[in-house]
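Following: one structure in structure tokens, then a few remarks.
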Amino acid sequence: DSGVTQTPKHLITATGQRVTLRCSPRSGDLSVYWYQQSLDQGLQFLIQYYNGEERAKGNILERFSAQQFPDLHSELNLSSLELGDSALYFCASSAKLGDFYGYTFGSGTRLTVV
Amino acid sequence: GENVEQHPSTLSVQEGDSAVIKCTYSDSASNYFPWYKQELGKGPQLIIDIRSNVGEKKDQRIAVTLNKTAKHFSLHITETQPEDSAVYFCAAWGVGANAGKSTFGDGTTLTVKP
């Protein structure tokens, strides 16, 4: 157990729908990162939050949004889902901004859009 | 932005042999280069990392080398074992305006044959 908790583990939904993925960072970690891993592709950085504020943005679609709450858990919202959004979504956390030594991934949420 | 290329995409070795995975990056300002191992159904796990002020780092059977001039870094696994079979990802962390953003390679699927 890495200490980073992601729920749900699996999600199947239809095109056009909206889903919310949840991430609880490791205890004491303030920074949360979201990644998308599509089939046959590497990890694509989506967005980073630090202590409730957005800090860095990658190639995140406008249909996707995220937030980090006061208790430091984070949610990734995916709307108007398309077949191509089917992927593994990972959350990672670290203790402080730019912490290079405490970067821990969760086990991921597998999203299938049908 | 940063671009990371990883080779080879697949690598098969006999147990006990060495395995080498190479990555190149484009942004000369990147200064942190971690390697992750991802086993089936799990999130990526940090196995070794190197900072730009170091040329080589070793941890038991795993070593990483960095050539800043050529902008490439490599993962070396010696005396491979079947449990080393996994997907390995390299990454480069941004600095300055790209601080907090990490760019991953597309991954190398390593198979160690007993």
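Throughout, read-outs are computed from the coordinates displayed, never taken from laboratory work. Since the structure is predicted, the reported quantities are computational estimates derived from the model, not experimental observations. Quick reminder, even Gly has a Cβ in these numbers, built from the backbone with ideal geometry, and neighbours come from all protein chains shown.
Per-structure values
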quantity	calculated
Residue in region A:55-73 that is touching a residue at least 24 places away in the same chain (Cβ under 8 Å), among the basic types (Lys, Arg), within 11 Å of chain B (Cβ to nearest Cβ) and buried (at least 16 other Cβ atoms within 10 Å of the Cβ) present	yes
Qualifying residue in region B:85-93 (condition: in contact (Cβ under 8 Å) with a residue 60 or more places away in the chain and either more than 10 Å from chain A (Cβ to nearest Cβ) or surrounded by fewer than 20 Cβ atoms within 10 Å (Cβ to Cβ) (or both))	yes
Candidate set: region A:21-41, residues that are in a strand (DSSP E or B) and within 13 Å of chain B (Cβ to nearest Cβ); chosen: the one farthest from A:Tyr89 (Cα to Cα)	A:Ser31
Region A:1-37: number of residues that are closer than 30 Å to B:Pro8 by Cα, of a type in the set (S, T, N, Q) and under 13 Å from the mean Cα position of the chain (by Cα)	2
Lone qualifier among A:Pro25, A:Pro70, A:Pro8 - being out of contact with any Ser or Thr (no Cβ under 9 Å at 6 or more places or on another chain) and not aromatic (Phe, Trp, Tyr)	A:Pro70
Number of the exception - A:Leu78 against (1) under 13 Å from the mean Cα position of the chain (by Cα); (2) at the interface with another protein chain (Cβ under 10 Å from one of its Cβ atoms); (3) over 17 Å from A:Val4 (Cβ atoms)	(2)
